[in-house]
Amino acid sequence: MRSLLPGLNDAKMHETWRLLQGDKEVMALPREKFLRDVMLNHWYQHRGQFSVYLRMLNVPVPASWGPSADEPPPFLQRAQSA
């Protein structure tokens, strides 16, 4: 994603992305919607699953993923140590 997104301008993001199975179109939606709904949301789901496993193992969930009840976000950690 880090290498792909910078190369996509608005016109490319609005183009239709298509998933084909042979000659049959299975899904078609704007590229921006595909990237957000299919790719990014999929990653968020797995991040959520991983945080559940960390909790089950009594391992603190890192604040680098956003606010965590286990540790403050990095900007607050810097403020508290100063």
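The values are calculated or read from the model by the stated rules, or taken from the named source; none is laboratory data. Fair warning: this is a prediction, and the values are worked out from it, not measured in the lab. Heads up, the Cβs are rebuilt from the backbone with ideal geometry, glycines too, and the neighbour counts pull from every protein chain shown. These accessible areas exclude ligands, DNA and RNA; they are computed on the full protein's heavy atoms, side chains included. Shrake-Rupley method; radii C 1.70, N 1.55, O 1.52, S 1.80 Å.
Of the residues that make up region 46-69, is at least one at pLDDT 75 or above, surrounded by 10 or more Cβ atoms within 10 Å (Cβ to Cβ), among the charged types (D, E, K, R) and touching a Pro at 6+ places or on another chain (Cβ under 8 Å)?
Looking through region 46-69, none of the residues is at pLDDT 75 or above, surrounded by 10 or more Cβ atoms within 10 Å (Cβ to Cβ), among the charged types (D, E, K, R) and touching a Pro at 6+ places or on another chain (Cβ under 8 Å).
If a residue has to be among the aromatic types (Phe, Trp, Tyr) and open to solvent by less than 50 Å² (accessible area, probe 1.4 Å) to count, how many in region 18-45 make the cut?
Of the residues in that region, 1 qualify.
Check off (1) modelled with pLDDT of 75 or more; (2) open to solvent by 90 Å² or more (accessible area, probe 1.4 Å) for Gln80 and give me the number that stays unchecked.
(1) is the only condition that Gln80 fails.
Give the number of residues within region 32-53 that are closer than 20 Å to Met13 by Cβ and not polar (S, T, N, Q).
12
Out of (1) surrounded by fewer than 11 Cβ atoms within 10 Å (Cβ to Cβ); (2) within 30 Å of Leu76 (Cβ to Cβ); (3) touching a helix residue (DSSP H, G or I) at 6+ places or on another chain (Cβ under 9 Å); (4) hydrophobic (A, V, I, L, M, F, W, C), the odd one out for Leu4 is which?
(2)
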